[in-house]
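The values are calculated or read from the model by the stated rules, or taken from the named source; none is laboratory data. Here the structure is a predicted model, which is why all the values come from computation and not from measurement. Cβ placement follows ideal geometry from the backbone for every residue including glycine, while neighbour counts extend to all protein chains displayed.
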Amino acid sequence: MNQQLIRPLLAELVRREAALQEGDSVLVQPFIEGMKVDNPISIPGFDHDQIDASLRWLARRGYIGTGGVPIDEANIGIYFSGITPAGRRMMTPA
């Protein structure tokens with residue numbers, strides 16, 4: 001996975017996590033020009049397909065939580081409940 005995308009994506013998710021209450025899970029989706037999406041995320045230099053694939057990759061590997069919602073519940077994006085301890089370790093430079 002592209003660390004130039006993963007690290008800023010995790011940083012953006014940390015900002016969103018701050019607004020969540022314990023037990024919350026919110027749909028986050030990559031920004032798509034001309035389309036209404038919930039909680040849009042954009043990372044300069046990356047398109048919505050790359051962001052979507054990275055969100056799913058992070059969730060499948062346990063770096064971010066979905067609050068028990070299946071990863072493929074949404075057609076694009078994921079339900080997000082927080083950064084896991086493994087995700088926090090990934091954010092720390094080696």
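Things to note:
- Restricted to the stretch 56-94, and to residues there that are loosely packed, with under 12 Cβ neighbours inside 10 Å and within 17 Å of Arg15 (Cα to Cα), the residue that is modelled with the highest pLDDT is Pro85.
- Considered as a group, the residues in the stretch 7-42 that are acidic (Asp, Glu) and either in a helix (DSSP H, G or I) or farther than 19 Å from Asn75 by Cβ (or both) include one that is farthest from the chain's Cα centre (by Cα), and that residue is Glu22.
Residues are listed down the side, and each one gets a yes or a no for (1) in contact (Cβ under 8 Å) with a residue 40 or more places away in the chain; (2) closer than 23 Å to Arg88 by Cβ:
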position	(1), (2)
Val14	yes, yes
Asp24	yes, yes
Asp38	no, no
Ile41	no, yes
Phe46	yes, yes
Trp57	yes, yes
Gly67	yes, yes
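- Ser25 being surrounded by 13 or more Cβ atoms within 10 Å (Cβ to Cβ) and touching a Phe, Trp or Tyr at 6+ places or on another chain (Cβ under 6 Å): yes
- Test result for Ala53, part of a helix (DSSP H, G or I), surrounded by 12 or more Cβ atoms within 10 Å (Cβ to Cβ), small (Gly, Ala, Ser) and modelled with pLDDT under 95: no
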